[in-house]
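The values are calculated or read from the model by the stated rules, or taken from the named source; none is laboratory data. This structure is a prediction, so every number in the text was calculated from the model and none was measured. In this analysis, Cβ positions are derived from the backbone assuming ideal geometry, glycine residues included, and neighbour counts consider all displayed protein chains. When the accessible area is computed, the model is the full protein with side chains, heavy atoms only, and any ligands, DNA or RNA have been set aside. Shrake-Rupley method; radii C 1.70, N 1.55, O 1.52, S 1.80 Å.
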Amino acid sequence: MYPGNTHTLFVRYAIPQMIGLLFNSVYMIVDGIFIGHRLGTDAMAAHQVGMNIMSLSFAFGDGLQSAAVALIGRSLGAKKPDLAKEYGRTCRLIGAGIAVCLVAIYLFGGRWLYSLFFEEQHIIEIGVSIIHVIIFVVIFQICQVIYMGCLRGAGDTLYTAVASMISVTFIRTIVSYLGGYTLGLGIVGIWFGVLADQMSRFIFATIRFKQGKWVKIKI
């Protein structure tokens, strides 16, 4: 009986998360191919550095997400759903504060950050244009990572996987293509797709979190 339950739980909670991460990884590869072939190596270089800079905010978001998952899991196990919600909101508020600090750093230090990687002025200018989008991405990114983590910690993995798949596969792809190629905005248009992805994930996660259905899931 026990092994059967274990396999069922694995399929129910792990598989959706794995599929969501797979779609995200596939898009990253496709994204790189599009930029490298259609926008050139300079744009690709600036893009990769931009992704590295953006990963800094992921580090903060992932750290707060881990705390939220642990505290929410303990609260739900103790039959205290209101406390679980409060932990989620608190972590999100802390994340929002960190996001504001990062926005200030990127806004005033973006050119300096890119100058650490490149000497070519035209690549630095491409990077600065990317930074102007990243400062908006960060605001939504940290908060959505925390809220998505709260939902996953409560066992709402199917919803988070579907939300992530819709955001990265459809919303990000469409906005990136329209912005980068149809409107001719180049690498900035591609990053508008990144922004749309993070915004949509934030909206999906916030709606689900506030509905409160996730605290009623039984694992």
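Key figures
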read-out: Pick from the stretch 107-120, criterion open to solvent by 100 Å² or more (accessible area, probe 1.4 Å) and part of a helix (DSSP H, G or I), ranking: farthest from ALA45 (Cα to Cα); value: PHE108
read-out: Neighbours by Cβ (under 6 Å, 6+ apart or cross-chain): first from the stretch 56-70, closer than 15 Å to GLU86 by Cβ; second open to solvent by 60 Å² or more (accessible area, probe 1.4 Å) and of a type in the set (S, T, N, Q); value: none
read-out: Candidates VAL49, VAL138, VAL103, VAL128, filtered to the one that is closer than 20 Å to VAL188 by Cα, touching a Leu at 6+ places or on another chain (Cβ under 6 Å) and among the β-branched types (Val, Ile, Thr); value: VAL138
read-out: Selected residue [in contact (Cβ under 8 Å) with a residue 24 or more places away in the chain and within 26 Å of GLY63 (Cβ to Cβ)] from ILE146, ILE203, ILE123; value: ILE146
read-out: Residue within the stretch 179-196 that is farther than 23 Å from ASP42 by Cα and not in a loop (DSSP other than H, G, I, E, B) present; value: yes
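Here is a yes/no grid of residues against (1) on the phi > 0 side of the Ramachandran plot; (2) at pLDDT below 90; (3) crowded, with 17+ Cβ neighbours inside 10 Å; (4) assigned to a helix (DSSP H, G or I):
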{"site": "GLN65", "(1), (2), (3), (4)": "no, yes, yes, yes"}
{"site": "ALA68", "(1), (2), (3), (4)": "no, yes, yes, yes"}
{"site": "GLU86", "(1), (2), (3), (4)": "no, no, no, yes"}
{"site": "THR90", "(1), (2), (3), (4)": "no, no, no, yes"}
{"site": "ILE126", "(1), (2), (3), (4)": "no, no, yes, yes"}
{"site": "CYS143", "(1), (2), (3), (4)": "no, no, yes, yes"}
{"site": "MET165", "(1), (2), (3), (4)": "no, yes, yes, yes"}
